[in-house]
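Enquirer: Once you've had a glance at the structure underneath, I'll fire off some questions.
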Amino acid sequence: MLRVLNKSSFNFVVGRRRLSTTATTVMSFGDGSHGALGLSTSVTRIGSDAYEPTPIPTLPPDVSSIAAGHYHSLAVTSQGHLWSWGRNAEYQLGRALDSPRETWVESQRINGLSGVRSAFASGVVSAAIRGDGSLWIWGKSKRGQLGLGNGIIEAVLPSRIKVLDKEEIIKVSFGWGHAVALTKDGKLFGWGYSADGRLGKRRIMGASHLDSKANLSSSLKLEDAEKVVLEAMDKENDMPIIWEPCLIDELKGAEVADVSCGLDHTLVLLRDGTLLSGGSNAYGQLGRSTQDMEFLPVDISVYPVSIATGLGHSLAICQIPSADGGGGISGIFSWGWGQNSQLGRVGPTNIPLPVDGLLGENPLSVSGGRVHTIAVMTNGDLFSWGCGRNGRLGLGSSADEPEPMLVEFAEGANVLQAVSGFDHTLVLTGN
């Protein structure tokens, strides 16, 4: 049974703020080894890291939204053009096969794709939603993340997912091996790997090796956890795959408001305020005591209005009612893998708890990377916390930060949107 929360008394808008007609700038910081920062040799050496927000000089001045894959980046302009840069070993940049490797670091417009409204990315694929609500996808995935049909594992150039032609898609989210798409009328479609109930109980096709491999406890160091993940994913090569988007049956009749995928788990926020989770719970990222492999309510007593995920941690912007029944305050709740301080708080990691340092700060959006987290406030401030390796926190050093820290920008810069890749961050600013 789905738990219903009454949130009728709250009106809270999260996400990306409306852009004015002024020029925008995309900045990046963090790990530059795959070119995801988009910084040319005139700014920093190819493969170099950036420890502070650094403008990407080759992008047009009218970028309206940004997206970060694991090791590549995307930017949408007000004219509906899509730009890409970073890793392209799996064709995720949408460029021709003969695209020289040395040019991958340079942001370039993707030819043949116009009228783009928004873009999304994972480790090996990219996707774009056009103005008509159609979903286009490209890259290379042996786990079915393309959703283009049985056995199709690569698409060098953007290809339309025709099975969704009758739907108006408004958001896409990718895990490592699974994908979900949300429609304007609140339906949710899923495809790719479906182990552990990450796409719902009717799509379960075996258990993930991540849970049978002595569990990835929150005490594992980053390097050890990465090794376990890679070994487990190699053993999943023969698992059944859902090759085309399918409606998630157990959510029929429910209207979905938001969705986000971690490595191998999924968060689903319903329009009535109920927050569901499904998939692997190796890190405690499901945020619930029940371990059944299906979508079930997260153990949270406040009112989620927006959700996000990192590799193994979960995040929610919530309204917290006051004791006297007044308007209350807003805050960010976190749970799941927290070994590198990416939860931004102390206490149990397997249940949602507030990030105390941001209570009452009016968060606009939150985004999780591999082991770091960033959050944009409604006043244009950006906070980061977690692992600081390679400068991924944008604070000028490689030090870890257990609590949210304010990222400094030039005077007059106003953060409109910020997104995390695995180990890098993109920031869209305006004046």
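Enquirer: Which chymotrypsin sites (Phe, Trp or Tyr not before Pro) in the stretch 372-431 sit in a loop by DSSP (not H, G, I, E or B) and have at most 12 other Cβ atoms within 10 Å of their own Cβ?
Expert: On the way: sites: Phe383, Trp385, Phe409, Phe422; in loops: Phe409, Phe422.
Taking the stretch 372-431 and a limit of 12 other Cβ atoms within 10 Å, no loop chymotrypsin sites (Phe, Trp or Tyr not before Pro) are found.
Enquirer: Right, another one. Charges at C-beta only: +1 for Lys and Arg, -1 for Asp and Glu. How large is the resulting dipole of the stretch 86-125 about its Cα centre, in Debye rounded to 20? Could you put the intermediate results ahead of the total?
Expert: On the way: 5 positive and 4 negative charges, 33 e Å.
The calculated dipole for the stretch 86-125 is roughly 160 debye.
Enquirer: Would you mind putting 184-193, 92-101 in packing order, based on average other-beta-carbon counts within 10 Å, highest first?
Expert: Working: 184-193: 20.9, 92-101: 15.7.
Ranking the peptides 184-193, 92-101 by packing returns 184-193, 92-101.
Enquirer: For Tyr71, Tyr283, write out the residues from largest to smallest accessible area, computed with a 1.4 angstrom probe and no ligands counted. Intermediate results must be reported in sequence, preceding the final value.
Expert: On the way: Tyr71 55, Tyr283 10 Å².
If we order Tyr71, Tyr283 from most to least accessible, we get Tyr71, Tyr283.
Enquirer: Quick one: accessible surface of Lys252, probe radius 1.4 Å, all protein chains present, in square angstrom to the nearest 10.
Expert: Using a 1.4 Å probe on the heavy atoms, I get roughly 130 Å².
Enquirer: Moving to a separate point now. May I ask you to list the aspartates and glutamates whose Cα is less than 15 Å away from that of Lys201, ignoring any residue fewer than eight positions away on the same chain?
Expert: The reachable aspartates and glutamates, counting only those whose Cα sits under 15 Å from Lys201, are Asp249, Glu250, Asp264, Asp292, Glu294.
Enquirer: Using a ≥ b ≥ c from the Cα gyration tensor of the stretch 367-424 (square roots of the eigenvalues), is it rounded, prolate or oblate, where a/c under 1.5 gives rounded and otherwise the larger of a/b and b/c decides, a/b for prolate? Please report the intermediate quantities before stating the final value.
Expert: Details: a/c = 1.88, a/b = 1.50, b/c = 1.26.
It comes out prolate by the Cα gyration axes.
Enquirer: With a 1.4 Å probe and all protein chains kept in place, how much accessible area does Cys318 have, in Å² rounded to the nearest 10?
Expert: 0
Enquirer: Another question, then. Put Glu411, Glu294, Glu168 in order of accessible area, largest first, 1.4 Å probe: what do you get? Please report the intermediate quantities before stating the final value.
Expert: Details: Glu411 190, Glu294 40, Glu168 70 Å².
Output order, biggest surface exposure first: Glu411, Glu168, Glu294.
Enquirer: Report, please, the projected area of the stretch 256-379 averaged over directions, based on the convex hull of its C-alpha atoms, in nm².
Expert: Directional mean of the projected Cα hull area for the stretch 256-379 stands at 7.3 nm².
Enquirer: So, in the stretch 68-190, how many Lys pairs have Cα atoms under 20 Å apart, if the pair is 8 or more places apart or on different chains?
Expert: 9
Enquirer: Amide H neighbours of Met293 under 5 Å, at least 5 residues apart or on other chains, H built in the peptide plane: list them.
Expert: none
Enquirer: For the stretch 63-78 and the stretch 298-350, what is the separation of their C-alpha centers, rounded to whole Å?
Expert: One Cα centre to the other: 26 Å.
The values are calculated or read from the model by the stated rules, or taken from the named source; none is laboratory data. No experiment lies behind these values; they were computed from the predicted model shown. When we count neighbours, we look across all protein chains shown, and the Cβ atoms used for this are built from the backbone with ideal geometry, even at glycine. For accessibility, only protein heavy atoms count, side chains too; no ligands or nucleic acids. Shrake-Rupley method; radii C 1.70, N 1.55, O 1.52, S 1.80 Å.
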